[in-house]
Amino acid sequence: MNESQEMVKLTINNIPIEVPKGTKIMQAAKVLGIDIPHLCYHEDQRIKAHCRLCSVEVTGKKRLLAACSTEVWEGMDVHTDTQIVRDTQVSILQLMLANHHKDCLSCPRNQNCDLQRLCSRFNILKSNLPSVVKEVPRIETNPSIVRDPSKCIRCGRCIRACKDVQGIAALTYAGRSSDIVVTTAFNKPMEETDCILCGQCSLVCPTGAIVEKDDTQKVLDALQDNTKHVIVQVAPSVRVALGDAFGLEPGAIVTGQMVTALKLLGFDKVFDTNFGADLTIMEEGHEFLHRLNNGGVLPMMTSCSPGWVNYMEKHFPTCINHLSSAKSPMSMFGAIAKTYYAKQAGLKPQEIVTVSIMPCTAKKFEASRPEMGRDGYRDVDVVLTTRELIKLIKYVGLSIGQLPENDFDSPLGLSTGAGAIFGATGGVMEAALRTVYEKVTGKTLEKLEFMDVRGFEGIKEATVHLPGRDVHIAVAHTLKNARLIMEQVKKGTSPYDFIEIMACPGGCIGGGGQPIGTTNAIRKKRMAALYEIDKALPIRKSHENPDIQTLYQNFLGEPLGEKAHELLHTHYHQVDKPYTFN
């Protein structure tokens, strides 16, 4: 606390407290351990004050005040649990229930729903009002996100996430009064709008109105099929987020326990997407050097974030040639699994089912792209989000914190610290620089940490000194920040040579498929955990991964070679929208 900051004295429920001037009632109550009920409020979003569930009584005021939007003042006397406050909160919940599809047992957010939790807290066992909910079908027209308008409580969290965080505004309010709804422009399916399927809306939704498309049954069916060899890969950020759902501290590293859980689920092999990340650095790093030395299109931009790729295809299609042609770590892994690994294991590609555990809903769309496969089969067959993996682990009754640790399987399970930091904004750039610098200079880096590209700042810049020239780089996360960079690229005024973009706040650690309850404070703890993993590993540079070296020696040949290009590179294209508001 800043010593010069002006303080305010007040009482809440007759308990005296002193907080900085400007503090909202809700935050002041939280200091005392009082959780004022709320639904539209989210700690990372600007105040909306829509639901009024956080109404409190303040002595001297004729009306109840919203705790989320009202600043405290000197001598304020707040009461959060009077009869009128409770009656108001119960009435608001009853009104919401009257206009809410109450199929809780079959809802994807059952036992993980803010509305359900509040009804339990207020002992509301049933709605006392006649139902006015309209039968609206679930909207399941894309591989990533499902919308159920009958579950929407019109809190506006999804609208704020889409507009304020991503700068897209694919979701908005329409209608008036009791007919107001959250919808898309012209009520189009999300994939036909500006939406890039990042899933940030599903991460902040307090109910089951917006959820990831559930593919857990596909995995359970494959695991029971004796004719299939089912393998799984796990993204770097999943291992520092999974523990949240099992009561562990945010940012807890559960790599070994996660591997054990996946083996107990019945997967034939448990591999690591970090191996694919090391492979991506080999291809993307060499692609950058090739462009730099041969007059290629610059700035080159990373392409491992599928939400970001979707954004480029829809919003800046004339700049697509700036994207690296290297596939994402997930898709590179899938291509190698169905070729190199299949050959080593003596299996046919069609006998292998590749499952990916990702922090991202857009990865489901990426896996479905026709470019991501060959000879009639897909590189990745099923993508599950972290939230879906949590469902599977709970389904078999495992408790992550109590499981013994286990190692990933070989030959696609060994990875480096460079692969581990892919999950944080700036991590891909730092991993690439470790390899690019040593390949160009032939010298060993004395210090592996590129601190200028670390942290939660929206846009970071740095200059790397290579023989003969300086390389100017930029790192951005969230598409609102990406747009600032893209406007420069589009005008031809970008000062950068190499740019990393991650669609979600903080990178994959804050992906749209991560556990419900993810906030920026939690994202920062996950980020710190990934750097801790990197620091603890014996090998921290992708080009020093011995299994990656063996892969090139025995199968791929050389980075950017013919075989590598066939399996590990792709192309992107413009995606037309049925409308534009520009």
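The values are calculated or read from the model by the stated rules, or taken from the named source; none is laboratory data. Keep in mind that this is a model prediction, so the values were computed, not measured. Because the Cβ atoms are built from the backbone with ideal geometry, glycine has one as well, and the counts that use them run over all protein chains shown. For the accessible areas, the whole protein counts, side chains as well, though only heavy atoms, and no ligand, DNA or RNA atoms are used. Shrake-Rupley method; radii C 1.70, N 1.55, O 1.52, S 1.80 Å.
On full extension, the segment bounded by residue 46 and residue 5 gains 12.5 nm, given 0.36 nm per residue less the C-alpha separation. Estimated at the nearest 10 Å², the accessible area of residue 303 is 0 Å² with a 1.4 Å probe.
Solvent-accessible surface (1.4 Å probe) assigned to residue 6 amounts to roughly 110 Å².
Taking 0.36 nm per residue of separation and subtracting the Cα-Cα distance, full extension of the segment from residue 174 to residue 32 would add 47.2 nm. In the context of the full set of protein chains, the chain has a per residue accessible area of 42 Å² (1.4 Å probe). Pull out a ≥ b ≥ c, the square roots of the eigenvalues of the alpha-carbon gyration tensor of region 443-582, then state rounded if a/c is under 1.5, prolate if not and a/b is larger than b/c, and oblate in the remaining case. Here region 443-582 falls in the rounded category.
The alpha carbons of region 520-564 give a radius of gyration and a Dmax of 15.8, 44 Å, in that order. For the chain, the 222 nm mean residue ellipticity estimated from helices alone, with every DSSP H stretch of n ≥ 4 adding -39500 (n - 2.57) and the total spread over all residues, rounds to -9000 deg cm²/dmol. For region 73-102 versus region 377-425, the inter-centroid distance based on Cα atoms is 41 Å.
Assuming R0 = 22 Å, can you tell me the calculated FRET efficiency for the pair residue 520 and residue 163, based on Cβ-Cβ distance, to the nearest 0.05?
Numbers: r = 17 Å, r/R0 = 0.77.
Using R0 = 22 Å, I get an efficiency of 0.85.
Listed by chain and number, the aspartates and glutamates placed with their C-alpha closer than 19 angstrom to that of residue 490 are 194, 313, 461, 500, 576; residues fewer than eight positions away on the same chain are left out.
Just by accessible area at a 1.4 angstrom probe, what is the order of 371, 562, 388, 544 from largest to smallest?
On the way: 371 35, 562 165, 388 0, 544 80 Å².
Solvent-accessible surface, decreasing: 562, 544, 371, 388.
Here the Karplus curve 6.51 cos²θ - 1.76 cosθ + 1.60, taken at θ = phi - 60°, turns the phi angles of region 410-420 into couplings of 9, x, 10, x, 8, 9, 10, x, 4, x, 5 Hz, with x standing for Gly and Pro.
Across all directions, the average projected area of the convex hull around the alpha carbons of region 1-97 is 6.6 nm². Using θ = phi - 60° in the Karplus curve 6.51 cos²θ - 1.76 cosθ + 1.60, the 3J(HN,Hα) couplings for region 239-250 round to 5, 10, 10, 4, x, 3, 7, 10, x, 8, 5, x Hz; x is entered for Gly and Pro. Candidate cross-link partners of residue 447 among the lysines, defined by an alpha-carbon separation under 25 Å and a same-chain spacing of 8 or more, comprise 439, 460, 524, 525, 535, 541.
Output the relative contact order of region 288-358, whole-number percent, from Cα pairs under 8 angstrom with separation of 6+ residues.
Working: 42 pairs, mean separation 17.2, N = 71.
Result for region 288-358 is 24 percent.
When the Cα atoms of region 5-164 are aligned to their principal axes, the ranges along those axes come out at 53, 36, 25 Å in descending order. Shown in residue order for region 37-47 are the 3J(HN,Hα) couplings computed by the Karplus curve 6.51 cos²θ - 1.76 cosθ + 1.60 at θ = phi - 60°: x, 7, 9, 6, 6, 9, 4, 9, 10, 5, 5 Hz (x for Gly and Pro).
How many percent of the accessible area of the chain is carbon or sulfur, using a 1.4 Å probe? Display every interim value, and only then the final one.
On the way: 12170 of 24370 Å².
Answer for the chain: carbon and sulfur cover 50 percent of the accessible area.
Amide hydrogen proximity for residue 167: with H placed 1.01 Å from N in the peptide plane, the residues at 5 or more positions away or on another chain lying under 5 Å are 480.
Kirkwood Rh, region 306-458, all Cα pairs: how many Å? All intermediate terms of the calculation are to be shown ahead of the outcome.
Working: mean 1/r = 0.0545 Å⁻¹.
When all Cα pairs of region 306-458 are included, the Kirkwood radius is 18.3 Å.
What number in nm² do you get for region 203-304 if you take the convex hull of its Cα atoms and divide its surface by four? Mean shadow area of the hull around the Cα atoms is 10.2 nm². Mind jotting down the distance between the C-alpha centroids of region 289-344 and region 523-537, whole Å? What the calculation gives is 25 Å, centre to centre. The residues 172, 318, sorted by heavy-atom accessible surface at 1.4 Å with ligands and nucleic acids left out, run 318, 172 from largest to smallest.
Can you give the translational diffusion coefficient of the chain in µm²/s, computed by Stokes-Einstein from the Kirkwood radius over Cα pairs at 20 °C and 1.002 mPa s? D = 85 µm²/s.
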